[in-house]
Amino acid sequence: PQSSSESSAKSKKVMIIGGDGYCGWATALHLSNKGYEVAIVDNLVRRLFDHQLGIDSLTPISSIQNRVRRWKSVTGKSIHVFIGDICDFEFLSEAFKSFEPDSVVHFGEQRSAPYSMIDRSRAVYTQHNNVIGTLNVLFAIKEFSQECHLVKLGTMGEYGTPNIDIEEGYITITHNGRTDTLPYPKQASSFYHLSKVHDSHNIAFTCKAWGIRATDLNQGVVYGVRTDETDMHEELCNRFDYDGVFGTALNRFCVQAAVGHPLTVYGKGGQTRGYLDIRDTVQCVELAIANPAKPGEFRVFNQFTEQFSVNDLARLVTNAGKKLGLEVQTISVPNPRVEAEEHYYNAKHTKLIELGLRPHLLSESLLDSLLNFAIKFKDQVDAAQIMPTVSWKKIGVKTRTVSV
Ligand code: NAD
Ligand code: USQ
(Lines give C-alpha, C1' and ligand atoms only; values in the text may rest on other atoms or scores of the structure.)
(Ligands and ions follow the chains in the order given, each with its own letter.)
Protein backbone atom coordinates (compact mmCIF):
# COMPACT_ATOMS: atom_id res chain seq x y z
CA PRO A 1 0.00 0.00 0.00
CA GLN A 2 1.03 3.57 -0.65
CA SER A 3 1.30 5.92 2.26
CA SER A 4 1.01 9.67 2.04
CA SER A 5 4.77 10.22 2.06
CA GLU A 6 5.54 7.88 -0.85
CA SER A 7 2.39 8.72 -2.77
CA SER A 8 2.92 8.95 -6.49
CA ALA A 9 -0.56 10.46 -6.58
CA LYS A 10 0.86 13.78 -5.41
CA SER A 11 -0.08 16.73 -7.57
CA LYS A 12 -3.03 14.68 -8.77
CA LYS A 13 -6.40 16.36 -8.87
CA VAL A 14 -9.05 15.62 -6.27
CA MET A 15 -12.58 16.99 -6.46
CA ILE A 16 -14.19 17.18 -3.02
CA ILE A 17 -17.97 17.31 -3.24
CA GLY A 18 -19.35 18.62 0.05
CA GLY A 19 -16.03 20.33 0.82
CA ASP A 20 -17.67 23.10 2.87
CA GLY A 21 -19.07 20.58 5.39
CA TYR A 22 -17.66 19.02 8.57
CA CYS A 23 -15.75 16.07 7.10
CA GLY A 24 -15.24 17.67 3.68
CA TRP A 25 -13.57 20.88 4.87
CA ALA A 26 -11.07 19.00 7.06
CA THR A 27 -10.33 16.62 4.17
CA ALA A 28 -9.94 19.39 1.58
CA LEU A 29 -7.31 21.16 3.70
CA HIS A 30 -5.53 17.91 4.55
CA LEU A 31 -5.22 16.83 0.92
CA SER A 32 -4.21 20.31 -0.22
CA ASN A 33 -1.53 20.31 2.46
CA LYS A 34 -0.30 16.91 1.22
CA GLY A 35 0.26 18.29 -2.28
CA TYR A 36 -2.93 17.29 -4.06
CA GLU A 37 -4.61 19.83 -6.31
CA VAL A 38 -8.01 20.28 -4.68
CA ALA A 39 -11.35 21.59 -5.94
CA ILE A 40 -14.31 21.98 -3.60
CA VAL A 41 -17.81 21.52 -5.04
CA ASP A 42 -20.62 22.54 -2.69
CA ASN A 43 -24.02 24.23 -2.96
CA LEU A 44 -23.79 25.48 0.68
CA VAL A 45 -27.15 23.89 1.48
CA ARG A 46 -25.85 22.82 4.92
CA ARG A 47 -25.60 26.51 5.88
CA LEU A 48 -29.19 26.97 4.64
CA PHE A 49 -30.45 24.10 6.86
CA ASP A 50 -29.02 26.00 9.85
CA HIS A 51 -30.99 29.11 8.87
CA GLN A 52 -34.17 27.14 8.25
CA LEU A 53 -34.03 25.24 11.54
CA GLY A 54 -32.73 28.15 13.62
CA ILE A 55 -29.59 26.24 14.63
CA ASP A 56 -25.91 27.02 14.30
CA SER A 57 -22.45 25.54 14.49
CA LEU A 58 -20.93 25.92 17.98
CA THR A 59 -17.86 27.40 16.32
CA PRO A 60 -18.02 30.49 14.13
CA ILE A 61 -17.37 29.48 10.52
CA SER A 62 -16.21 31.82 7.79
CA SER A 63 -17.70 31.89 4.31
CA ILE A 64 -16.18 29.35 1.92
CA GLN A 65 -14.58 32.21 -0.03
CA ASN A 66 -12.85 33.60 3.08
CA ARG A 67 -11.82 30.13 4.20
CA VAL A 68 -10.08 29.43 0.90
CA ARG A 69 -8.51 32.91 0.79
CA ARG A 70 -7.16 32.39 4.31
CA TRP A 71 -5.77 28.97 3.37
CA LYS A 72 -3.92 30.59 0.46
CA SER A 73 -2.48 33.32 2.69
CA VAL A 74 -1.36 30.82 5.35
CA THR A 75 0.10 28.10 3.10
CA GLY A 76 0.45 29.60 -0.37
CA LYS A 77 -1.77 26.80 -1.71
CA SER A 78 -4.83 27.38 -3.89
CA ILE A 79 -8.12 25.50 -3.63
CA HIS A 80 -10.58 25.84 -6.52
CA VAL A 81 -14.22 26.39 -5.59
CA PHE A 82 -17.31 25.50 -7.64
CA ILE A 83 -20.53 26.62 -5.97
CA GLY A 84 -23.52 24.65 -7.22
CA ASP A 85 -25.80 21.67 -6.82
CA ILE A 86 -24.63 18.28 -8.08
CA CYS A 87 -28.28 17.41 -8.78
CA ASP A 88 -27.92 20.01 -11.59
CA PHE A 89 -26.11 17.93 -14.20
CA GLU A 90 -25.16 20.95 -16.36
CA PHE A 91 -23.33 22.48 -13.40
CA LEU A 92 -21.62 19.21 -12.48
CA SER A 93 -20.53 18.62 -16.11
CA GLU A 94 -18.93 22.06 -16.30
CA ALA A 95 -17.07 21.45 -13.03
CA PHE A 96 -15.81 18.06 -14.31
CA LYS A 97 -14.77 19.41 -17.71
CA SER A 98 -12.92 22.36 -16.29
CA PHE A 99 -11.16 20.58 -13.37
CA GLU A 100 -10.62 17.08 -14.87
CA PRO A 101 -10.34 15.21 -11.54
CA ASP A 102 -8.32 12.01 -11.05
CA SER A 103 -10.36 11.24 -7.92
CA VAL A 104 -13.72 12.42 -6.67
CA VAL A 105 -14.43 12.28 -2.94
CA HIS A 106 -18.18 12.53 -2.49
CA PHE A 107 -19.30 13.90 0.90
CA GLY A 108 -22.06 16.08 -0.59
CA GLU A 109 -25.28 14.67 0.82
CA GLN A 110 -27.97 15.48 3.39
CA ARG A 111 -26.43 13.49 6.23
CA SER A 112 -28.72 13.77 9.23
CA ALA A 113 -31.00 10.86 10.08
CA PRO A 114 -33.32 13.08 12.18
CA TYR A 115 -33.51 15.68 9.36
CA SER A 116 -34.73 12.95 6.99
CA MET A 117 -37.43 11.98 9.52
CA ILE A 118 -38.88 15.50 10.12
CA ASP A 119 -41.67 15.22 7.55
CA ARG A 120 -42.48 13.82 4.12
CA SER A 121 -40.87 16.68 2.24
CA ARG A 122 -37.55 16.28 4.11
CA ALA A 123 -37.63 12.50 3.55
CA VAL A 124 -38.19 13.03 -0.18
CA TYR A 125 -35.58 15.80 -0.33
CA THR A 126 -32.98 13.60 1.36
CA GLN A 127 -33.44 10.66 -0.95
CA HIS A 128 -33.69 12.84 -4.06
CA ASN A 129 -30.64 14.93 -3.18
CA ASN A 130 -28.50 11.96 -2.21
CA VAL A 131 -29.53 9.36 -4.78
CA ILE A 132 -29.78 11.70 -7.79
CA GLY A 133 -26.61 13.57 -6.80
CA THR A 134 -24.64 10.32 -6.71
CA LEU A 135 -26.19 9.12 -9.98
CA ASN A 136 -25.09 12.37 -11.62
CA VAL A 137 -21.55 11.88 -10.31
CA LEU A 138 -21.53 8.36 -11.80
CA PHE A 139 -22.72 9.68 -15.18
CA ALA A 140 -20.15 12.49 -15.08
CA ILE A 141 -17.34 10.01 -14.45
CA LYS A 142 -18.53 7.77 -17.30
CA GLU A 143 -18.87 10.69 -19.71
CA PHE A 144 -15.87 12.87 -18.87
CA SER A 145 -13.25 10.87 -16.98
CA GLN A 146 -13.56 7.08 -17.18
CA GLU A 147 -10.34 6.57 -15.19
CA CYS A 148 -11.45 8.75 -12.26
CA HIS A 149 -11.70 6.91 -8.92
CA LEU A 150 -14.90 7.57 -6.95
CA VAL A 151 -14.44 7.62 -3.17
CA LYS A 152 -17.96 7.72 -1.78
CA LEU A 153 -18.91 8.32 1.83
CA GLY A 154 -21.33 5.63 2.90
CA THR A 155 -22.29 4.75 6.44
CA MET A 156 -22.00 1.86 8.90
CA GLY A 157 -25.74 2.40 9.39
CA GLU A 158 -26.36 0.68 6.05
CA TYR A 159 -25.86 -2.66 7.84
CA GLY A 160 -28.14 -1.98 10.81
CA THR A 161 -27.57 -4.17 13.86
CA PRO A 162 -27.74 -7.82 12.74
CA ASN A 163 -27.22 -10.62 15.27
CA ILE A 164 -24.07 -11.83 13.44
CA ASP A 165 -20.66 -10.23 12.76
CA ILE A 166 -20.68 -7.42 10.19
CA GLU A 167 -18.19 -7.97 7.34
CA GLU A 168 -16.65 -5.30 5.10
CA GLY A 169 -19.20 -5.04 2.32
CA TYR A 170 -19.50 -8.70 1.34
CA ILE A 171 -20.34 -11.99 3.04
CA THR A 172 -19.65 -15.52 1.81
CA ILE A 173 -22.74 -17.68 2.20
CA THR A 174 -23.31 -21.38 1.59
CA HIS A 175 -26.94 -22.06 0.74
CA ASN A 176 -28.39 -25.45 -0.27
CA GLY A 177 -24.88 -26.73 -0.94
CA ARG A 178 -23.74 -23.81 -3.15
CA THR A 179 -21.44 -20.98 -2.09
CA ASP A 180 -21.24 -17.36 -3.21
CA THR A 181 -19.83 -14.04 -1.97
CA LEU A 182 -22.69 -11.55 -1.87
CA PRO A 183 -23.28 -7.97 -0.78
CA TYR A 184 -23.74 -7.93 3.02
CA PRO A 185 -27.47 -7.55 3.89
CA LYS A 186 -28.61 -3.95 4.43
CA GLN A 187 -31.05 -2.98 7.18
CA ALA A 188 -30.93 0.78 7.43
CA SER A 189 -33.17 2.56 9.93
CA SER A 190 -33.90 6.07 8.64
CA PHE A 191 -34.73 7.56 5.23
CA TYR A 192 -31.23 9.09 5.34
CA HIS A 193 -29.43 5.79 6.05
CA LEU A 194 -31.58 4.16 3.34
CA SER A 195 -30.41 6.77 0.82
CA LYS A 196 -26.87 5.43 1.35
CA VAL A 197 -28.06 1.88 0.66
CA HIS A 198 -29.62 3.03 -2.61
CA ASP A 199 -26.36 4.82 -3.50
CA SER A 200 -24.34 1.68 -2.83
CA HIS A 201 -26.54 -0.33 -5.16
CA ASN A 202 -26.27 2.25 -7.95
CA ILE A 203 -22.49 2.44 -7.57
CA ALA A 204 -22.07 -1.36 -7.51
CA PHE A 205 -24.16 -1.65 -10.68
CA THR A 206 -22.20 1.00 -12.60
CA CYS A 207 -18.89 -0.55 -11.60
CA LYS A 208 -20.11 -3.79 -13.16
CA ALA A 209 -21.85 -2.27 -16.17
CA TRP A 210 -19.43 0.56 -17.10
CA GLY A 211 -16.17 -0.44 -15.44
CA ILE A 212 -16.21 2.45 -12.97
CA ARG A 213 -13.70 2.18 -10.10
CA ALA A 214 -15.20 2.99 -6.70
CA THR A 215 -14.59 2.77 -2.98
CA ASP A 216 -17.55 2.94 -0.60
CA LEU A 217 -16.35 4.16 2.80
CA ASN A 218 -18.91 2.94 5.31
CA GLN A 219 -18.03 5.47 7.94
CA GLY A 220 -19.04 5.27 11.59
CA VAL A 221 -19.98 8.27 13.74
CA VAL A 222 -17.30 11.00 13.61
CA TYR A 223 -16.20 12.98 16.68
CA GLY A 224 -13.74 15.78 17.33
CA VAL A 225 -13.15 19.03 15.53
CA ARG A 226 -9.49 19.96 15.35
CA THR A 227 -7.14 18.75 12.63
CA ASP A 228 -3.58 19.91 11.94
CA GLU A 229 -4.74 22.13 9.10
CA THR A 230 -7.87 23.69 10.64
CA ASP A 231 -5.69 24.58 13.64
CA MET A 232 -3.44 26.78 11.50
CA HIS A 233 -5.73 29.84 11.71
CA GLU A 234 -9.01 30.67 13.45
CA GLU A 235 -10.62 31.45 10.09
CA LEU A 236 -9.97 27.83 9.06
CA CYS A 237 -12.00 26.51 12.01
CA ASN A 238 -14.34 23.63 11.23
CA ARG A 239 -18.07 23.51 12.02
CA PHE A 240 -19.22 21.71 15.17
CA ASP A 241 -22.84 20.62 15.47
CA TYR A 242 -24.43 19.90 18.84
CA ASP A 243 -28.16 20.37 18.18
CA GLY A 244 -30.75 17.57 18.21
CA VAL A 245 -30.91 17.33 14.41
CA PHE A 246 -27.31 17.54 13.15
CA GLY A 247 -25.26 16.96 16.32
CA THR A 248 -23.83 13.44 16.70
CA ALA A 249 -23.58 11.49 19.94
CA LEU A 250 -20.11 12.13 21.40
CA ASN A 251 -19.84 15.73 20.15
CA ARG A 252 -23.26 16.43 21.69
CA PHE A 253 -22.31 14.85 25.01
CA CYS A 254 -19.19 17.04 25.29
CA VAL A 255 -21.21 20.22 24.71
CA GLN A 256 -23.91 19.04 27.13
CA ALA A 257 -21.28 18.40 29.82
CA ALA A 258 -19.72 21.81 29.22
CA VAL A 259 -23.00 23.69 29.77
CA GLY A 260 -24.29 21.53 32.63
CA HIS A 261 -27.07 19.89 30.60
CA PRO A 262 -27.65 16.21 31.50
CA LEU A 263 -26.30 13.82 28.86
CA THR A 264 -29.16 12.72 26.62
CA VAL A 265 -29.02 8.94 26.42
CA TYR A 266 -31.90 7.76 24.21
CA GLY A 267 -33.77 4.79 25.66
CA LYS A 268 -31.68 2.06 27.31
CA GLY A 269 -28.41 3.34 25.83
CA GLY A 270 -27.16 -0.04 24.64
CA GLN A 271 -27.12 1.24 21.02
CA THR A 272 -23.60 0.36 19.83
CA ARG A 273 -21.93 1.95 16.81
CA GLY A 274 -18.48 2.35 15.28
CA TYR A 275 -16.79 5.70 16.01
CA LEU A 276 -13.73 7.56 14.71
CA ASP A 277 -11.81 10.78 15.25
CA ILE A 278 -12.09 13.36 12.44
CA ARG A 279 -8.28 13.18 12.16
CA ASP A 280 -8.79 9.57 11.04
CA THR A 281 -11.52 10.52 8.55
CA VAL A 282 -8.98 12.62 6.64
CA GLN A 283 -6.33 9.89 6.89
CA CYS A 284 -8.72 7.19 5.61
CA VAL A 285 -9.75 9.26 2.60
CA GLU A 286 -6.11 9.96 1.77
CA LEU A 287 -5.34 6.21 1.94
CA ALA A 288 -8.29 5.36 -0.29
CA ILE A 289 -7.15 7.88 -2.92
CA ALA A 290 -3.51 6.82 -2.81
CA ASN A 291 -4.51 3.16 -3.27
CA PRO A 292 -7.35 3.32 -5.82
CA ALA A 293 -9.84 0.59 -6.66
CA LYS A 294 -9.25 -1.22 -9.97
CA PRO A 295 -11.42 -0.46 -13.00
CA GLY A 296 -14.76 -2.23 -12.49
CA GLU A 297 -14.09 -2.86 -8.80
CA PHE A 298 -16.63 -1.88 -6.14
CA ARG A 299 -14.56 -1.86 -2.97
CA VAL A 300 -16.09 -1.44 0.48
CA PHE A 301 -14.20 -0.38 3.61
CA ASN A 302 -15.70 -0.09 7.09
CA GLN A 303 -14.31 3.24 8.26
CA PHE A 304 -14.26 3.41 12.05
CA THR A 305 -11.70 2.62 14.73
CA GLU A 306 -13.61 1.62 17.91
CA GLN A 307 -17.07 0.51 19.00
CA PHE A 308 -18.96 2.14 21.85
CA SER A 309 -22.49 1.99 23.22
CA VAL A 310 -24.20 5.26 24.07
CA ASN A 311 -23.89 4.30 27.76
CA ASP A 312 -20.11 3.81 27.28
CA LEU A 313 -19.84 7.32 25.83
CA ALA A 314 -21.85 8.81 28.70
CA ARG A 315 -19.55 7.11 31.22
CA LEU A 316 -16.40 8.30 29.46
CA VAL A 317 -17.63 11.90 29.27
CA THR A 318 -18.77 11.81 32.92
CA ASN A 319 -15.32 10.67 34.07
CA ALA A 320 -13.42 13.10 31.87
CA GLY A 321 -15.73 15.90 33.06
CA LYS A 322 -15.10 15.06 36.70
CA LYS A 323 -11.38 15.64 36.17
CA LEU A 324 -12.14 19.12 34.85
CA GLY A 325 -14.39 19.86 37.81
CA LEU A 326 -17.64 19.43 35.88
CA GLU A 327 -20.54 17.66 37.53
CA VAL A 328 -22.02 15.60 34.75
CA GLN A 329 -25.49 14.03 35.05
CA THR A 330 -27.12 11.62 32.61
CA ILE A 331 -30.83 11.28 31.82
CA SER A 332 -32.66 8.65 29.85
CA VAL A 333 -34.68 10.40 27.16
CA PRO A 334 -37.59 8.44 25.62
CA ASN A 335 -36.02 7.23 22.39
CA PRO A 336 -37.27 9.38 19.49
CA ARG A 337 -35.94 6.77 17.05
CA VAL A 338 -36.96 3.22 16.22
CA GLU A 339 -33.82 1.16 16.80
CA ALA A 340 -32.57 -1.77 18.92
CA GLU A 341 -31.45 -0.53 22.35
CA GLU A 342 -29.76 -3.79 23.39
CA HIS A 343 -28.10 -5.84 20.69
CA TYR A 344 -25.06 -7.78 19.48
CA TYR A 345 -22.53 -5.68 17.53
CA ASN A 346 -19.21 -6.79 16.12
CA ALA A 347 -18.13 -5.11 12.88
CA LYS A 348 -14.91 -5.86 10.98
CA HIS A 349 -12.68 -2.90 10.19
CA THR A 350 -9.31 -4.21 9.03
CA LYS A 351 -9.01 -3.07 5.41
CA LEU A 352 -7.98 0.53 6.15
CA ILE A 353 -5.59 -0.66 8.85
CA GLU A 354 -4.01 -2.95 6.23
CA LEU A 355 -3.52 0.09 3.99
CA GLY A 356 -1.66 1.87 6.80
CA LEU A 357 -4.25 3.70 8.93
CA ARG A 358 -2.78 4.63 12.31
CA PRO A 359 -5.86 5.30 14.45
CA HIS A 360 -6.24 8.08 16.99
CA LEU A 361 -8.14 6.05 19.58
CA LEU A 362 -10.48 7.84 21.97
CA SER A 363 -8.21 8.77 24.83
CA GLU A 364 -8.57 10.77 27.98
CA SER A 365 -6.47 13.53 26.46
CA LEU A 366 -8.72 13.84 23.41
CA LEU A 367 -11.84 13.90 25.59
CA ASP A 368 -10.12 16.47 27.72
CA SER A 369 -9.34 18.68 24.75
CA LEU A 370 -12.82 18.23 23.27
CA LEU A 371 -14.42 19.17 26.59
CA ASN A 372 -12.13 22.20 26.91
CA PHE A 373 -13.04 23.16 23.36
CA ALA A 374 -16.75 22.97 24.25
CA ILE A 375 -16.14 24.99 27.41
CA LYS A 376 -14.33 27.67 25.41
CA PHE A 377 -17.41 28.15 23.22
CA LYS A 378 -20.08 27.48 25.85
CA ASP A 379 -21.56 30.98 25.67
CA GLN A 380 -22.51 30.22 22.06
CA VAL A 381 -24.66 27.25 23.09
CA ASP A 382 -28.41 27.58 22.59
CA ALA A 383 -29.70 25.18 25.26
CA ALA A 384 -33.09 25.05 23.53
CA GLN A 385 -31.50 23.14 20.63
CA ILE A 386 -30.22 20.27 22.71
CA MET A 387 -33.24 18.00 23.26
CA PRO A 388 -34.36 15.87 20.30
CA THR A 389 -37.50 17.09 18.54
CA VAL A 390 -37.86 14.65 15.64
CA SER A 391 -39.81 11.44 16.14
CA TRP A 392 -39.48 8.41 13.84
CA LYS A 393 -43.08 7.42 14.58
CA LYS A 394 -44.74 10.82 14.35
CA ILE A 395 -43.41 11.75 10.89
CA GLY A 396 -46.27 12.70 8.60
CA VAL A 397 -47.13 14.53 5.43
CA LYS A 398 -47.65 17.91 7.07
CA THR A 399 -44.64 20.18 6.63
CA ARG A 400 -43.10 20.84 10.03
CA THR A 401 -41.16 23.77 11.31
CA VAL A 402 -38.61 22.40 13.73
CA SER A 403 -37.51 25.04 16.16
CA VAL A 404 -38.44 26.47 19.50
P1 NAD B 1 -22.10 18.08 6.33
O2 NAD B 1 -23.58 18.28 6.22
O3 NAD B 1 -21.35 18.88 7.32
O4 NAD B 1 -21.45 18.31 4.89
C5 NAD B 1 -22.06 17.94 3.68
C6 NAD B 1 -21.78 19.02 2.65
O7 NAD B 1 -22.36 18.64 1.40
C8 NAD B 1 -22.39 20.37 3.03
O9 NAD B 1 -21.41 21.39 2.96
C10 NAD B 1 -23.50 20.57 2.01
O11 NAD B 1 -23.71 21.93 1.70
C12 NAD B 1 -23.01 19.75 0.81
N13 NAD B 1 -24.08 19.25 -0.07
C14 NAD B 1 -25.18 18.56 0.29
N15 NAD B 1 -25.94 18.30 -0.80
C16 NAD B 1 -25.29 18.83 -1.87
C17 NAD B 1 -25.59 18.92 -3.26
N18 NAD B 1 -26.70 18.40 -3.79
N19 NAD B 1 -24.68 19.54 -4.08
C20 NAD B 1 -23.55 20.08 -3.56
N21 NAD B 1 -23.23 20.05 -2.25
C22 NAD B 1 -24.09 19.43 -1.41
O23 NAD B 1 -21.88 16.51 6.56
P24 NAD B 1 -20.58 15.75 7.12
O25 NAD B 1 -20.81 15.45 8.53
O26 NAD B 1 -19.37 16.43 6.67
O27 NAD B 1 -20.71 14.38 6.32
C28 NAD B 1 -20.10 14.23 5.05
C29 NAD B 1 -20.41 12.86 4.47
O30 NAD B 1 -19.92 11.86 5.36
C31 NAD B 1 -21.90 12.59 4.31
O32 NAD B 1 -22.11 11.89 3.11
C33 NAD B 1 -22.25 11.74 5.49
O34 NAD B 1 -23.31 10.91 5.20
C35 NAD B 1 -20.96 10.97 5.72
N36 NAD B 1 -20.79 10.58 7.14
C37 NAD B 1 -20.74 11.53 8.14
C38 NAD B 1 -20.58 11.13 9.46
C39 NAD B 1 -20.53 12.09 10.62
O40 NAD B 1 -20.51 11.64 11.78
N41 NAD B 1 -20.50 13.39 10.39
C42 NAD B 1 -20.47 9.76 9.75
C43 NAD B 1 -20.53 8.82 8.72
C44 NAD B 1 -20.69 9.25 7.41
N1 USQ C 1 -27.99 9.04 20.52
C2 USQ C 1 -28.30 9.19 21.86
N3 USQ C 1 -28.32 10.45 22.37
C4 USQ C 1 -28.05 11.56 21.60
C5 USQ C 1 -27.72 11.39 20.25
C6 USQ C 1 -27.70 10.11 19.74
O7 USQ C 1 -28.54 8.21 22.57
O8 USQ C 1 -28.10 12.67 22.14
C9 USQ C 1 -27.92 7.67 19.94
C10 USQ C 1 -28.83 7.45 18.74
O11 USQ C 1 -30.12 7.06 19.13
C12 USQ C 1 -28.07 6.40 17.97
C13 USQ C 1 -26.62 6.68 18.28
O14 USQ C 1 -26.62 7.49 19.46
O15 USQ C 1 -28.37 5.12 18.46
C16 USQ C 1 -25.87 7.42 17.18
O17 USQ C 1 -26.61 8.57 16.84
P18 USQ C 1 -25.92 9.83 16.11
O19 USQ C 1 -26.93 10.91 16.00
O20 USQ C 1 -24.63 10.12 16.76
O21 USQ C 1 -25.54 9.19 14.68
P22 USQ C 1 -26.44 8.76 13.45
O23 USQ C 1 -27.82 9.26 13.49
O24 USQ C 1 -26.26 7.29 13.26
O25 USQ C 1 -25.75 9.53 12.26
C26 USQ C 1 -24.38 9.93 12.25
C27 USQ C 1 -24.19 10.90 11.10
C28 USQ C 1 -24.49 10.17 9.79
C29 USQ C 1 -23.65 8.92 9.70
C30 USQ C 1 -23.80 8.03 10.91
C31 USQ C 1 -22.81 6.89 10.95
O32 USQ C 1 -25.05 12.03 11.25
O33 USQ C 1 -24.21 11.04 8.70
O34 USQ C 1 -24.00 8.20 8.55
O35 USQ C 1 -23.54 8.81 12.11
S36 USQ C 1 -23.51 5.40 11.58
O37 USQ C 1 -24.10 5.69 12.90
O38 USQ C 1 -22.45 4.44 11.70
O39 USQ C 1 -24.53 4.99 10.67
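Tabulated data
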quantity	calculated
Evaluation of residue 175 against (1) under 16 Å from residue 23 (Cα atoms); (2) more than 16 Å from ligand 2 (Cβ to nearest atom); (3) of a type outside the set (D, E, K, R) (one fails), failing number	(1)
Condition check for residue 126: over 22 Å from residue 241 (Cα atoms), buried (at least 19 other Cβ atoms within 10 Å of the Cβ), modelled with pLDDT of 95 or more and of a type in the set (Val, Ile, Thr)	no
Residues (touching a Cys at 6+ places or on another chain (Cβ under 9 Å), within 13 Å of ligand 1 (Cβ to nearest atom) and over 27 Å from residue 66 (Cβ atoms)) located in the stretch 196-254	217, 219
Counted residues, the stretch 17-44 - those being assigned to a strand (DSSP E or B) and either of a type in the set (Ser, Thr, Tyr) or touching a Ser or Thr at 6+ places or on another chain (Cβ under 6 Å) (or both)	1
Hits in the stretch 153-171 (condition: of a type in the set (Ser, Thr, Tyr) and assigned to a strand (DSSP E or B))	155, 170
Lone qualifier among 135, 150 - being part of a strand (DSSP E or B), more than 16 Å from ligand 2 (Cβ to nearest atom) and either over 19 Å from the mean Cα position of the chain (by Cα) or not small (Gly, Ala, Ser) (or both)	150
Residue match in the stretch 182-195 (condition: among the hydrophobic types (A, V, I, L, M, F, W, C), within 12 Å of ligand 2 (Cβ to nearest atom), modelled with pLDDT of 95 or more and in a loop (DSSP other than H, G, I, E, B))	yes
Unique match (being under 26 Å from residue 142 (Cα atoms), more than 13 Å from ligand 1 (Cβ to nearest atom), among the hydroxyl-bearing types (Ser, Thr, Tyr) and without any contact (Cβ under 8 Å) to a residue 40 or more places away in the chain) among 32, 98	98
Among the candidates 112, 93, 73, residue that is under 27 Å from residue 338 (Cα atoms), among the small types (Gly, Ala, Ser) and either surrounded by fewer than 21 Cβ atoms within 10 Å (Cβ to Cβ) or under 21 Å from the mean Cα position of the chain (by Cα) (or both)	112
Total residues in the stretch 203-239, condition out of contact with any helix residue (DSSP H, G or I) (no Cβ under 6 Å at 6 or more places or on another chain), of a type outside the set (Lys, Arg) and surrounded by fewer than 17 Cβ atoms within 10 Å (Cβ to Cβ)	6
Residue among 264, 281 that is within 16 Å of ligand 1 (Cβ to nearest atom) and not hydrophobic (A, V, I, L, M, F, W, C)	281
Where a residue in the stretch 247-263 is under 15 Å from residue 376 (Cβ atoms) and its partner, wherever it lies, is within 11 Å of ligand 2 (Cβ to nearest atom) and assigned to a loop (DSSP other than H, G, I, E, B), with Cβ under 9 Å and at least six apart	251/241; 251/242; 254/242; 255/242; 255/247; 255/261; 255/386; 259/386
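To keep it simple, each residue is scored yes or no on (1) out of contact with any helix residue (DSSP H, G or I) (no Cβ under 7 Å at 6 or more places or on another chain); (2) within 30 Å of residue 148 (Cα to Cα).
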residue: 301; (1), (2): no, yes
residue: 345; (1), (2): yes, no
residue: 353; (1), (2): yes, yes
residue: 390; (1), (2): no, no
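Listed here are the residues, each with its yes/no results for (1) at positive phi; (2) at pLDDT below 95; (3) among the aliphatic types (A, V, I, L, M); (4) loosely packed, with under 13 Cβ neighbours inside 10 Å.
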| site | (1), (2), (3), (4) |
| --- | --- |
| 345 | no, no, no, no |
| 364 | no, yes, no, yes |
| 375 | no, no, yes, no |
| 391 | no, no, no, no |
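The values are calculated or read from the model by the stated rules, or taken from the named source; none is laboratory data. Since the model is a prediction, treat every value here as computed from it, not as a measurement. With ideal geometry, Cβ positions are generated from the backbone for all residues, glycine too; neighbour counts draw on all protein chains shown.
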